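Colleague: The structure is given below, and queries will be raised subsequently.
The values are calculated or read from the model by the stated rules, or taken from the named source; none is laboratory data. Computed from a predicted model, the values in this text were never measured in an experiment. Here the Cβ positions follow ideal geometry from the backbone for every residue, glycine too, while neighbour counts run over all protein chains shown.
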Amino acid sequence: MTFSQAWDAGFKAILIYVGVVFGWLIFIERLFENQSVSVAVMNVVAAICAVAFFVRRRRYCIAERRAAEAEVASILAEI
Amino acid sequence: MANVLGVSHTSDMVVRSKAGMSDRTFSILLVAPALAVILVFAILPLVYALDVSFRFADLTRGGIREYVGLDNYRRVFSDSNFWTAGWITLKFTVVAVTLQMTLGVGIAFLLHGMTVGKGLVRSLIILPLATSAAVTGLFWRYLYDTQFGVLNWILGSFGLPEPNWLGDYTIALWSVVIFDVWQWTPFVALIALAGLQALPREPFEAAELDGASSWRVLRTLTFPLLKPVLFLVLVLRTIDCVRLYDAVAVLTRGGPGTSTETMTFYLYRTGLKLFRMDYASTMAIFFLYVMLVAAIFALTPLLKQFTDRAKEA
Amino acid sequence: MHEKRSLPLEVLRYGLIVLVIGFFVFPIFWMVLTSLKPDDAIMVSPPRFLFTPTLENYRHAIEDKNFLFYIRNTLIISVISTVFVVILGSLAAYSFARYNVGDGHLLFFILSTKMMPAIAVILPFFLIFREVGKTGFGQFMHLGLDQHGALILSYVVFNLPFAIWLLVSFFQDIPRELEHSARLDGLSRLKVLRKVTLPLAAPGIAVTAVFTLIFCWNEFLFAYILTRKTASTVTVGVESFFTLQGILWGPVAAAATIAVAPMLVFVLAMQRYMVRGLTFGAVRG
């Protein structure tokens, strides 16, 4: 993963984290009795979402790179 | 593909000047002053606002105090005025932008076919843009006046109903919309016109030779070619309408009641009238978040255009 | 496009254009008209189109309210801000256009700052300038509250993103070959920029300068919050016509006309430059 792609994915991951926090505060928190528990669970869920997104992007970028390398290799092999 | 493999240079980057400074250093030096200014004055305030959003800050009770975690956010999210303001902003933006885009593009087409006097018309149309929203908006209060306003007099002469533009809470928002449409449709029209005039001739001449109807030409040729320009104007106008403040501040001040209280005005009222800087900062951060997310969707296609062109050797 | 022109359609076209022009020009026209009306011709119903014009409102604005002072402030602030924006913005935009600094991320960051509403950052700005104004450096650069420097700096910050946006597309429109051949001729990068690129980009820079100047001249919120007396601009000055008895429309119209006139004239003069190629590079002609 290039630095540029990592930065891009990281930035979006942070936005996803914050988005989950906001969404949680707006919709989910009222379902919890204990606020501290709610906050703890919220952080965990948000972290999972963010990390999952980042990992998925990374896999996608690596696969894309491998495909490009394979294409280059096959072109070279033809020469 | 080159980007995926991590190869990003143009042939420029390999050339080193006689002075020894690499292209990279040169490019960074060029950007540095502008970047420094923006960093200091855009980042610092936002970091500050972020910090305050986590604290208790009622300026009437001694200023900015201790941390309260997410409580401000909880309070703001459960504030119905906040969501109403958001809804009003949304209503305003959608209607205003749609009107501006359709009218603007329509006017552009109207002007495009002109043979004489185009420059004159352009000069006249551009006038609303050159005025200050706060100044002309103030005067529009007089135009909208129910007793002495010329607008209602004109309507009355045609036998049309004479609404209470700024006092009727059901239409006050649309009065503000009309003002914004008045001021910014020329912007859309002029850019769309520039776009129309910059279109290449060959496709159109070919289509004419093929005998395609004008409607068909419009649909399959003109609009697809204009799409980038129109998208750009759409983004610009949407950003500006969401941020609208001046017009509301001078025309209605959020009233009557809170029927024209857009998010920016609610922010203003909370922060500078009620002095709850904590809630105001919280709203500002939330606003920033929504704008960032929107920016990703809106700017990515535009940026791709930029970087693609920049990478051409 | 060589269409066959039918006369009724053309009549319709020009008729519509007249309507359009009327719609956009009328409020301004009415404002100027009102500024020339004596008091008894303003708050009347039905509105009067014929009256004996008077310059009383202007006299009131200029002498009683010292309106020309506001014009002077606005002029200083707007022009200096525009100069800085154009210089800083051009350098940065050139760098983005030719060298793609930061691979799009930097540009994204800068452009996204445009999306912040002024109202959201106004308090931090207020506090920053209040503190800076107390330091020696701040005093020297006139950066304190109610001083021109504070407003200039604010305007530069707020106009740079859009200016860079405009300028990047203008720079990209200039063919690279010209710069390449100049470099091959041995010119340094700065010289190339100065002698080759900038002259070609002049129309684009002019457009940017026009938009920036207009924005600075017409800005309200920052001027209102960051100034009190010494550095107030015309937009703030017009607001001062709010009195407790209500709004005096005659003087307001006069003040508004004075505030708006310079920009109107400016725009009329620069109209040609404002539209040429203002497609942000989105349409490649």
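Colleague: Just to be sure I understand, how many residues within region C:87-125 are without any contact (Cβ under 8 Å) to a residue 60 or more places away in the chain and among the hydrophobic types (A, V, I, L, M, F, W, C)?
Modeller: 13
Colleague: From the list A:51, A:37, exactly one residue is surrounded by fewer than 16 Cβ atoms within 10 Å (Cβ to Cβ) and under 27 Å from residue B:291 (Cα atoms). Which is it? Full working, then the answer.
Modeller: On the way: A:37 fails: under 27 Å from residue B:291 (Cα atoms).
After applying the criteria, what remains is A:51.
Colleague: Would region C:51-71 turn up any residue that is facing chain B (nearest Cβ under 9 Å) and part of a helix (DSSP H, G or I)?
Modeller: no
Colleague: Select from region B:43-74 the residues that are closer than 19 Å to residue B:291 by Cβ and among the hydroxyl-bearing types (Ser, Thr, Tyr) and write down the one among them that is surrounded by the fewest Cβ atoms within 10 Å (Cβ to Cβ).
Modeller: Per the stated criteria, the residue is B:48.
Colleague: So the check is Cβ under 8 Å with 6+ separation or different chains; which pairs have a first residue in region C:126-137 that's part of a loop (DSSP other than H, G, I, E, B) and a second one that's surrounded by 14 or more Cβ atoms within 10 Å (Cβ to Cβ)?
Modeller: Filtered contacts from region C:126-137: C:133/C:139; C:133/C:143; C:133/C:144; C:133/C:145; C:133/C:147; C:133/C:150; C:134/C:144.
Colleague: Residue check: is residue B:132 at negative phi and without any contact (Cβ under 8 Å) to a residue 12 or more places away in the chain?
Modeller: Judged against the criteria, residue B:132 is not a match.
Colleague: Is it the case that region C:255-277 has a residue that's farther than 22 Å from residue C:76 by Cβ, at pLDDT below 80 and assigned to a loop (DSSP other than H, G, I, E, B)?
Modeller: Looking through region C:255-277, at least one residue is farther than 22 Å from residue C:76 by Cβ, at pLDDT below 80 and assigned to a loop (DSSP other than H, G, I, E, B).
Colleague: Tell me, which residue of region B:83-132 that is aromatic (Phe, Trp, Tyr) and more than 14 Å from chain C (Cβ to nearest Cβ) is surrounded by the most Cβ atoms within 10 Å (Cβ to Cβ)? Step through it out loud before you land on a result.
Modeller: In the first step, residues of region B:83-132 are kept if they are aromatic (Phe, Trp, Tyr); the result is B:83, B:87, B:92, B:109.
Now drop any that are not more than 14 Å from chain C (Cβ to nearest Cβ), which leaves B:83, B:87.
Numbers: B:83: 14, B:87: 12.
Only one residue fits best here, namely B:83.
Colleague: Here are some residues: A:52, A:40, A:46. Which one is without any contact (Cβ under 8 Å) to a residue 12 or more places away in the chain, within 14 Å of chain B (Cβ to nearest Cβ) and under 24 Å from the mean Cα position of the chain (by Cα)?
Modeller: None of the other options fit; the residue is A:40.
Colleague: Can you say whether residue B:140 is assigned to a helix (DSSP H, G or I) and closer than 30 Å to residue C:115 by Cα, as far as the supplied structure shows?
Modeller: Yes, satisfied.
Colleague: Follow-up question, since we're still on this one. In region B:253-290, which residues are outside any helix (DSSP H, G or I), touching a residue at least 24 places away in the same chain (Cβ under 8 Å) and within 20 Å of the chain's Cα centre (by Cα)?
Modeller: B:260, B:261, B:262
Colleague: Here are the criteria: (1) among the aromatic types (Phe, Trp, Tyr); (2) within 8 Å of chain C (Cβ to nearest Cβ); (3) without any contact (Cβ under 8 Å) to a residue 40 or more places away in the chain. Tell me which single one residue B:231 does not satisfy.
Modeller: (3)
Colleague: When the residues of region C:194-240 are filtered to those that are within 18 Å of the chain's Cα centre (by Cα) and polar (S, T, N, Q), which remaining residue is surrounded by the most Cβ atoms within 10 Å (Cβ to Cβ)?
Modeller: C:233
Colleague: Within region C:1-47, how many residues turn out to be touching a helix residue (DSSP H, G or I) at 6+ places or on another chain (Cβ under 7 Å), more than 10 Å from chain B (Cβ to nearest Cβ) and not in a helix (DSSP H, G or I)?
Modeller: Residues meeting the conditions: 2.
Colleague: For the structure I just gave you, tell me whether residue B:84 is under 30 Å from residue A:35 (Cβ atoms), in the same structural domain as residue B:218 (by TED's automatic domain parsing) and within 25 Å of the chain's Cα centre (by Cα).
Modeller: yes
Colleague: Quickly run through region A:59-79 and pick out the residues that are touching a residue at least 12 places away in the same chain (Cβ under 8 Å) and either among the β-branched types (Val, Ile, Thr) or more than 13 Å from every other protein chain (Cβ to nearest Cβ) (or both).
Modeller: A:62
Colleague: Now a separate question. Would you check if residue C:76 is surrounded by fewer than 24 Cβ atoms within 10 Å (Cβ to Cβ), in contact with a Pro (Cβ under 8 Å, 6 or more places away or on another chain) and at pLDDT 85 or above?
Modeller: When the stated conditions are applied, residue C:76 does not pass them.
Colleague: Something else now. Kindly indicate whether any position in region C:167-188 is touching a Phe, Trp or Tyr at 6+ places or on another chain (Cβ under 7 Å), more than 22 Å from residue C:115 (Cβ to Cβ), at pLDDT 85 or above and within 11 Å of another protein chain (Cβ to nearest Cβ).
Modeller: Among the residues of region C:167-188, at least one is touching a Phe, Trp or Tyr at 6+ places or on another chain (Cβ under 7 Å), more than 22 Å from residue C:115 (Cβ to Cβ), at pLDDT 85 or above and within 11 Å of another protein chain (Cβ to nearest Cβ), which makes the answer yes.
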